[in-house]
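Notes follow the structure.
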Amino acid sequence: MTFFEMILRSVGAILVLVLVARLNGPKQISQMTFYDYIVGITTGFLAATTALSADIPLLHGLAAIAFFLLAGIFMSKLTDKNRLMRRVLTGTPIVVIAQGQIQWTGLKQARLNINELLSCLRSGGYFNLEEVNYAILEPTGNLSVLPHDAARPLKLTDLKQDFIPAALPTNVIIDGQILHQNLQALGQSADKLLDQIQTQKACRIDEIALATLDDQGKLVLYLKNKAQPQSIHRF
């Protein structure tokens with residue numbers, strides 16, 4: 001196998017991996033189930049074998065990669081529709097702490113020892129076991145923790161005072177380009193946006209790296225080569 005052929009086979013394998021992975025949708029490694037993990041390892045091995053082995057026809061290798069990835073997508077859709085398949089393929093949450101008491105049966109079922117449990121709790125910000133009311137090991141391997149009332153973070157509702165809901169900013173300019181669709185979703189126009197920027201004599205539009213606008217009418221400009229943002233209120 002020539003060097004050019006190896007590069008060609010590698011590019012083909014990567015393109016198939018990227019294409020089918022995009023069809024599978026965005027999913028972080030921490031959100032992967034055990035079945036996703038197996039499919040990922042298998043397809044990675046197939047991609048490497050297809051790229052380096054001249055004994056395997058390129059189309060056969062690409063077809064095998066696509067089959068495993070599409071099978072993963074199919075099984076993901078199946079688990080969405082069928083509770084039994086969901087339990088078999090993704091597993092179920094396991095309670096490892098209940099009412100402040102360690103559930104040794106749950107730890108054994110999860111194949112988790114006390115040191116690993118304490119490490120997971122510390123990663124979540126709980127260094128004292130007495131602060132934890134419930135802890136549940138999710139099928140993805142993440143540990144969900146419900147602390148005792150005295151240990152949980154303070155919320156605004158605990159203060160029993162009125163507060164202004166946070167406004168979600170929307171990007172309206174990126175790299176000097178106006179995002180017309182986002183402006184329309186906010187009920188605003190590009191002309192009004194440019195008028196506001198020119199009225200405030202903030203800058204030229206090509207100097208704007210990012211501009212955000214929230215539903216309270218607050219426009220924030222992030223200029224290129226400047227660390228501090230500029231705010232324009234009452235848009």
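Each reported figure results from applying straightforward, stated rules to the coordinates on display, with no laboratory input. Since this is a predicted model, take the numbers as computed values, not measurements. Note that we place each Cβ from the backbone using ideal geometry, even for glycine, and neighbour counts take in every protein chain shown.
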Query raised in the report: Kyte-Doolittle mean at least 1.0 and Cα extent at least 20 Å along the axis: which DSSP H helices of the chain qualify?
Result: 3-24, 34-52, 58-81
Report task. In nm, give the distance between the simple-model label positions of ASP158 and LEU58, each being 7 Å from the Cα along the Cα-to-Cβ direction. Result -> 6.2
Query raised in the report: From the square roots a ≥ b ≥ c of the eigenvalues of the alpha-carbon gyration tensor of segment 92-218, which class results: rounded (a/c under 1.5), prolate (a/b over b/c), or oblate?
Result: prolate
Query raised in the report: Rounded if a/c is under 1.5, else prolate if a/b beats b/c, else oblate: with a ≥ b ≥ c from the C-alpha gyration tensor eigenvalues square-rooted, which is the chain?
Result: oblate
